[in-house]
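Worksheet for the structure shown next.
The values are calculated or read from the model by the stated rules, or taken from the named source; none is laboratory data. Predicted model, so just to flag it, every value in this text is computed and none were measured. Note: ideal-geometry Cβ built from the backbone for every residue, glycine included; neighbour counts use all protein chains shown. Each accessible area value is taken on the protein alone, full model and side chains, heavy atoms only, with ligands, DNA and RNA left out. Shrake-Rupley method; radii C 1.70, N 1.55, O 1.52, S 1.80 Å.
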Amino acid sequence: MRDIANRALNIAQVRGATYADIRIVARDTQRIAVKNGRVEALEQDETQGLGVRVIANGAWGFAASSRLEMSEVERVVLQAIAIAKASALTKARDVDLGEPVVSKGAYQTAVKIDPFTVPMADKIALLLQADEEMRRVNGVKVTRGEMVFVRENKTLASTEGSFITQEIVESGCGIVALATDLRSGEVQVRSYPNSVGRHQQTRGYEFIVEQKLVENAPRVAEQAVALLTADPCPSDDAATLILDSSQLALQIHESCGHPIELDRVLGSEAAYAGTSFLTPDKLNNFRYGSEVVNIVADATVPGALGTFGYDDEGVPAQRTDIVKNGLFVGYLTSRETARQLGLGQSNGTMRADGWNRPPIIRMTNINLLPGTWSVDDLIADTDDGLWMETNRSWSIDDKRLNFQFGTEIAWEIKGGKKTRLLKNATYTGITPQFWGACDAVCNEQAWVVWGTPNCGKGQPPQIAHTGHGAAPARFRNVRVGVIK
Amino acid sequence: MLGIERVRELTQQILALSKADETEVLFTGTDAALTRFANSQIHQNVAETNTDIRVRVVCGKKIGVASSNDLSPDALKRTVDTARVIAQLQRENPDFRALPEPQPIPRVEAFVEHTANFSPEQRAQAVSVLCKKAKAQGVVAAGAFATTALEIAVANSRGVFAYHPVTYADLNTVMTAETGTGYASFTHADARAVNVEALADEAIDKALRSRDPGATEAGEYTVLLEEYAVHDILNFLAFVAFSAQAVQEDRSFMKGKFGEKVMSESVTLWDDGCAPDTIALPFDFEGVPRQKVVFVENGIARGVVYDTATAQRDGVASTGHSLPAPNTMGPLALHMFMAPGDTPKRELIRGIERGLWVTRFWYTRVVHPMKVLITGMTRDGTFLIEKGEVTRPVKNLRFTTSYLDALNRVRAISRETKLFINDWGGASRRVPALVVDGFRFTGATQ
Ligand SMILES: [Zn+2]
């Protein structure tokens, strides 16, 4: 690795790059999917390659190849430089990365049980058992279960002298029951621990064991069936709403995580993901939420999905305040964007989806810090409201202001008690108004760092794995029941 | 690009390494480049070379899949071995019969040398034109220009060998004029077909006309949906309704409706991976030739797409719409078409007493699959139509509406169609613009 890296950096400098870095990445992915009592997919994928990022003539170029050979390294570096020179044809100013970053070190995910050493047969057996528990329930039409394990080894070297090796291990799992009623055309779904396939963390197989898939399977299936005949979520323009921690995690992801990406704010994503309502004039000067809303970006939380040692620019993992007592105080930055806004050093959020993509600003773990309420007290304190749980649909505009979420399941809260089951629950709002109407966040006991393994951004498309710590929280005056 | 002979050699080499009962190799070679611009300058500019093999082995009725992008002899052997070890851990799949037998595959020319050789300077040149035009009008340009060359091949131990090289160029731009934005995009197999000036003019004009948008009430509107928006409708129909798996699992409105009217009489939808006016791929990822499948004909539900597994379940033949193994999603329509109408696009607006002009949908998601109930936002050019004319720009609106209902209320269809390729998964769609009544908007951004 060191040979390839040195050769690449050397060629880059000789051929006129003022900055270069190379990442050599190998990623193994194991995936097991079961469905309706069958193993539907067993798959092991490996992908490896190198990506070279250069600045030449004051502009960026990036080239990548799957062939880890010296002759190919040379071709890729020259290609990156040629691309950078083409970029320079339109430049308004030279790229400025600020102070050099010189990091040397190694990082490894702390894993108790290496998931790649656990026999596949054991993993299959666990998923099939959970699947069987779900299928036992009358009225269930489709059952699914999934496990995913990832091991990524990467080396980063730069012309500024950084040399870093990292090994990141992830484990993820989930089960889903789908119930249908053809006569009414009703389709209802329940997922556990989270929807969109799975919950995931940077941990070993111990994470899978802790999720207790088999124990939760009957409840998941029963709820899916019960939802078929549940009453629809009523419409109300000013409801009191409690979100469970997993739905809140996605709410944070979409309405806080994305708009604080400084590349978005500065227009880099204007044509695709969009821009942001959190424009630079609002920094330290804008009420994002109520006093109880405290949000941090923290790449150091042990085991969380957005946790690492160094970002892909070699900047060490950090914790940064984003919203403090409701006030908007921080962005996710890169070296270039931090310099552009005069924010000092990058706070280390540049990550690439593999060897064949350049790093871009990505969420690390965007966490809503725990409050003081116990879940029971919060429900007891709510006279008339709704509890919504587990995301089913999500959509938000390109400035991250106007959102609409649907959840798999909901309950009415009457007189301080969870009562009637409700289906097709939806809520909608405008980001700062919604967070401004947050009047309670539950405490540490109910706080979970959810993993979102499917965040799409960029062109060409990149998928990031991000984490979101949250505990159930209450919001006032929310518009609910948008579906007719 | 390795070329057909080298790819044939490689896939035969892999098949020879396998001791399993049946073996399949999917080869994908990628040479892709993309130039991204924002704030009227290039800020990201990338190229990628990759070759990937995906091996599916069958031991009795047990199936395992492994993939790798390392083509060294050791790695090839390791990948085949991994697939076999995995297969042996599998449970029997009683539904599995056999990998597909060879069938004649139509030859479709889809590779344009010029696109494959398009240089970073040529892309930068095109971006310069966009940026200059933008600056001249006081507008800010953003977007991406991608040129891609792919080689796809499938070989199996029953004698299938299918190889297809394909190229495409895709340029899209969002122009920003203070409070207004405008979008335009263009996709073609030949990069020379991209008319950069026309694209710039379309997006700039729309951005300028979108400035200072006013409020408008949520509610039901007649909408003029440009091709960009109609593209989204087809994507969702392919995914939630037009796959045999969705029907088999009672998730599709097509279930039990074949031969019945499900959409407006003017609506005809089909899939054709061999058509000359799409980004063709004449076979699927199991090496089965892609059939033309009609979903809806003059409003009547006709059929859905199949892969081998779903076809066996229904006792029919695969239509050649499988995804790469191991596939849990079921078959998918990757080359959809919507039949054009007879109204020139510029005349669609006539007769709309009060309605909305929608350039594009954004961040659309399924709320209810059976109803194809979708929520999303409008973006990059939304206007009020009064008495057959665009009168003013409006702020973006959120809609929560059934795309199925929308295609049941089609008032007019444009004569022109436009080609799209999806960012994710590379599906292509050719669609007209539409006028639809009763489109439900559920909220406005303040
Ligand atoms: Zn995201």
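Could you say whether any residue in region B:251-268 is charged (D, E, K, R) and buried (at least 20 other Cβ atoms within 10 Å of the Cβ)? Full working, then the answer.
Here is the first cut: in region B:251-268, the residues charged (D, E, K, R) are B:251, B:255, B:257, B:260-261, B:265.
Okay, now just the ones that are also buried (at least 20 other Cβ atoms within 10 Å of the Cβ), so B:251.
Scanning region B:251-268 turns up at least one residue that is charged (D, E, K, R) and buried (at least 20 other Cβ atoms within 10 Å of the Cβ).
Listed here are the residues, each with its yes/no results for (1) at pLDDT 95 or above; (2) farther than 20 Å from B:D250 by Cβ; (3) of a type outside the set (F, W, Y); (4) buried (at least 23 other Cβ atoms within 10 Å of the Cβ).
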residue	(1), (2), (3), (4)
B:V304	yes, no, yes, yes
B:S318	yes, yes, yes, yes
B:T343	yes, yes, yes, no
B:L348	yes, yes, yes, yes
B:G351	no, yes, yes, no
B:V358	yes, yes, yes, yes
B:Y363	no, yes, no, no
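Each residue in region A:79-102 was checked for being in contact with a strand residue (DSSP E or B) (Cβ under 7 Å, 6 or more places away or on another chain) and touching a residue at least 60 places away in the same chain (Cβ under 8 Å), and 5 pass. Restricting attention to region A:289-319 and to residues that are open to solvent by 30 Å² or more (accessible area, probe 1.4 Å) and of a type outside the set (D, E), the residue that is nearest to A:A437 (Cα to Cα) turns out to be A:V292. State yes or no: is B:D250 part of a loop (DSSP other than H, G, I, E, B), out of contact with any helix residue (DSSP H, G or I) (no Cβ under 9 Å at 6 or more places or on another chain), within 14 Å of chain A (Cβ to nearest Cβ) and not polar (S, T, N, Q)? Against the criterion (part of a loop (DSSP other than H, G, I, E, B), out of contact with any helix residue (DSSP H, G or I) (no Cβ under 9 Å at 6 or more places or on another chain), within 14 Å of chain A (Cβ to nearest Cβ) and not polar (S, T, N, Q)), B:D250 qualifies.
A:R203 meets all of the listed conditions (1) surrounded by 15 or more Cβ atoms within 10 Å (Cβ to Cβ); (2) within 14 Å of another protein chain (Cβ to nearest Cβ) but one, namely (2).
For region A:184-198, taking the residues that are hydroxyl-bearing (S, T, Y) and more than 10 Å from every other protein chain (Cβ to nearest Cβ), the one that is surrounded by the fewest Cβ atoms within 10 Å (Cβ to Cβ) is identified as A:S195. If you check B:L2, B:L10, B:L26 for being among the aliphatic types (A, V, I, L, M), buried (at least 22 other Cβ atoms within 10 Å of the Cβ) and in contact (Cβ under 8 Å) with a residue 40 or more places away in the chain, only one passes: B:L26.
Please work out which residue is nearest to A:I55 (Cα to Cα), limiting yourself to region A:1-22 and to residues that are open to solvent by 40 Å² or more (accessible area, probe 1.4 Å) and of a type in the set (A, V, I, L, M, F, W, C). Step by step, filter region A:1-22, then rank; the result is A:V14.
A quick yes/no check of all residues on (1) closer than 22 Å to A:S346 by Cα; (2) in a loop (DSSP other than H, G, I, E, B):
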position: A:A88; (1), (2): no, no
position: A:L97; (1), (2): yes, yes
position: A:V101; (1), (2): yes, yes
position: A:A106; (1), (2): yes, no
position: A:L127; (1), (2): no, no
position: A:M134; (1), (2): no, no
position: A:E146; (1), (2): no, no
position: A:V150; (1), (2): no, no
position: A:I164; (1), (2): yes, no
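Confirm whether B:I105 is over 21 Å from A:A63 (Cβ atoms), more than 12 Å from chain A (Cβ to nearest Cβ), touching a residue at least 60 places away in the same chain (Cβ under 8 Å) and of a type in the set (A, V, I, L, M, F, W, C). Yes; evaluated as a whole, the condition is true for this residue.
In the set (1) assigned to a strand (DSSP E or B); (2) under 24 Å from the mean Cα position of the chain (by Cα); (3) more than 11 Å from every other protein chain (Cβ to nearest Cβ), the condition left unmet by B:I385 is number (2). Among the residues of region A:243-254, those identified as touching a strand residue (DSSP E or B) at 6+ places or on another chain (Cβ under 6 Å), away from the ligand (no atom under 11 Å from the Cβ) and of a type outside the set (D, E) are A:L243, A:S245, A:S246, A:Q247, A:L248, A:A249.
Would it be correct to say that B:Q122 is within 14 Å of chain A (Cβ to nearest Cβ) and either free of Cβ contacts under 8 Å to residues at least 60 places away in the same chain or under 26 Å from B:D277 (Cα atoms) (or both)? In short, yes. One residue stands out in region A:362-420 among those that are outside any strand (DSSP E or B) and small (G, A, S): the one that is surrounded by the fewest Cβ atoms within 10 Å (Cβ to Cβ), namely A:G415.
When A:A270 is tested against (1) outside any helix (DSSP H, G or I); (2) open to solvent by less than 10 Å² (accessible area, probe 1.4 Å); (3) under 30 Å from B:A207 (Cβ atoms), only condition (2) is not met.
Take A:R264 and decide whether it is touching a strand residue (DSSP E or B) at 6+ places or on another chain (Cβ under 8 Å), over 30 Å from B:V140 (Cβ atoms) and crowded, with 23+ Cβ neighbours inside 10 Å. Judged against the criteria, A:R264 is not a match. Residue by residue through region A:445-473, note down the ones that are within 21 Å of the chain's Cα centre (by Cα), away from the ligand (no atom under 12 Å from the Cβ) and outside any strand (DSSP E or B). Once the filter is applied, which keeps residues that are within 21 Å of the chain's Cα centre (by Cα), away from the ligand (no atom under 12 Å from the Cβ) and outside any strand (DSSP E or B), region A:445-473 yields A:A446, A:W447, A:Q459, A:P460, A:A471, A:P472.
Evaluate region A:419-431: report whether one residue or more is within 16 Å of the ligand (Cβ to nearest atom) and either in the same structural domain as A:V301 (by TED's automatic domain parsing) or within 21 Å of the chain's Cα centre (by Cα) (or both).
Of the residues in region A:419-431, the ones within 16 Å of the ligand (Cβ to nearest atom) are A:431.
So of that shortlist, the ones also either in the same structural domain as A:V301 (by TED's automatic domain parsing) or within 21 Å of the chain's Cα centre (by Cα) (or both) come out as A:431.
Yes; the residues of region A:419-431 include at least one that is within 16 Å of the ligand (Cβ to nearest atom) and either in the same structural domain as A:V301 (by TED's automatic domain parsing) or within 21 Å of the chain's Cα centre (by Cα) (or both).
For A:V73, the criteria (1) surrounded by 13 or more Cβ atoms within 10 Å (Cβ to Cβ); (2) away from chain B (no Cβ under 14 Å) hold in every case but one, which is (2). Candidates A:N424, A:N391: the one that is of a type outside the set (A, V, I, L, M), closer than 15 Å to A:I252 by Cα and within 14 Å of chain B (Cβ to nearest Cβ) is A:N391.
Scanning region B:84-95 for residues that are more than 8 Å from chain A (Cβ to nearest Cβ) and buried (at least 18 other Cβ atoms within 10 Å of the Cβ) yields a single hit, B:R84. When the residues of region B:365-389 are narrowed to those that are closer than 18 Å to B:A218 by Cα and open to solvent by 10 Å² or more (accessible area, probe 1.4 Å), which ends up modelled with the highest pLDDT? Here the answer is B:E386. Take the conditions (1) within 14 Å of chain A (Cβ to nearest Cβ); (2) farther than 14 Å from A:D397 by Cβ; B:P393 misses just one of them, which is (1). Across region B:167-179, a minimum of one residue is classified as at negative phi, of a type in the set (S, T, N, Q) and open to solvent by 30 Å² or more (accessible area, probe 1.4 Å). Against the list (1) more than 16 Å from the ligand (Cβ to nearest atom); (2) open to solvent by 30 Å² or more (accessible area, probe 1.4 Å); (3) more than 30 Å from A:Q108 (Cα to Cα), the condition A:T275 fails is (1). Once region B:129-159 is narrowed to residues that are buried (at least 23 other Cβ atoms within 10 Å of the Cβ), more than 26 Å from the chain's Cα centre (by Cα) and more than 9 Å from chain A (Cβ to nearest Cβ), the residue that is nearest to B:S428 (Cα to Cα) is B:N156.
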